[in-house]
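To start, the structure under review is shown below, and the notes come after it.
The values are calculated or read from the model by the stated rules, or taken from the named source; none is laboratory data. Everything numeric in this text was worked out from a predicted model, so none of it was measured. Cβ atoms come from the backbone with ideal geometry, glycine included; neighbour counts cover every protein chain shown.
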């Protein structure tokens, strides 16, 4: 279905796969490259933009969560949250470069939002990780960017 929408389908698919909806944006990107209907650089841009937008949605979903909810409804201990926050404060920004990994990436982005990590560095580090991931697929497939 998404393949019939062209670049819009690629954008929607990569956006959705970067949220909590589990499926592979890699398969969408590789499929789009193999179809060869769109210039590679444009395909890279659209896939990266969609994946980045989905990662940012996940980040902001984490920002809406409240500590009290986890303690009250999920029986999470306050000291557990404090320990996790210390780890996220130490490594969190750089973990955002791995936001594209299945399941782990979504959890990282939710945690970064939940623990209120600075948004601006996360925007750029996340985008960098996503672009590198799609560039690697481009190189593996032997596609020329220009």
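Residues checked against (1) free of Cβ contacts under 8 Å to residues at least 12 places away in the same chain; (2) closer than 23 Å to residue 125 by Cα:
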| site | (1), (2) |
| --- | --- |
| 13 | no, yes |
| 23 | yes, yes |
| 32 | no, no |
| 40 | no, yes |
| 66 | yes, no |
| 73 | yes, no |
| 77 | yes, no |
| 80 | yes, no |
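If we scan the range 42-56, do we find a residue that is modelled with pLDDT under 90 and assigned to a helix (DSSP H, G or I)? The answer is no, given that none of the residues of the range 42-56 is modelled with pLDDT under 90 and assigned to a helix (DSSP H, G or I). Out of 78, 68, 106, one residue alone is exposed (fewer than 12 other Cβ atoms within 10 Å of the Cβ), touching a helix residue (DSSP H, G or I) at 6+ places or on another chain (Cβ under 9 Å) and at negative phi. It is 78. Considering every residue within the range 49-59, establish whether at least one is in contact with a helix residue (DSSP H, G or I) (Cβ under 8 Å, 6 or more places away or on another chain) and either surrounded by fewer than 13 Cβ atoms within 10 Å (Cβ to Cβ) or at positive phi (or both). Checked the range 49-59: no residue is in contact with a helix residue (DSSP H, G or I) (Cβ under 8 Å, 6 or more places away or on another chain) and either surrounded by fewer than 13 Cβ atoms within 10 Å (Cβ to Cβ) or at positive phi (or both).
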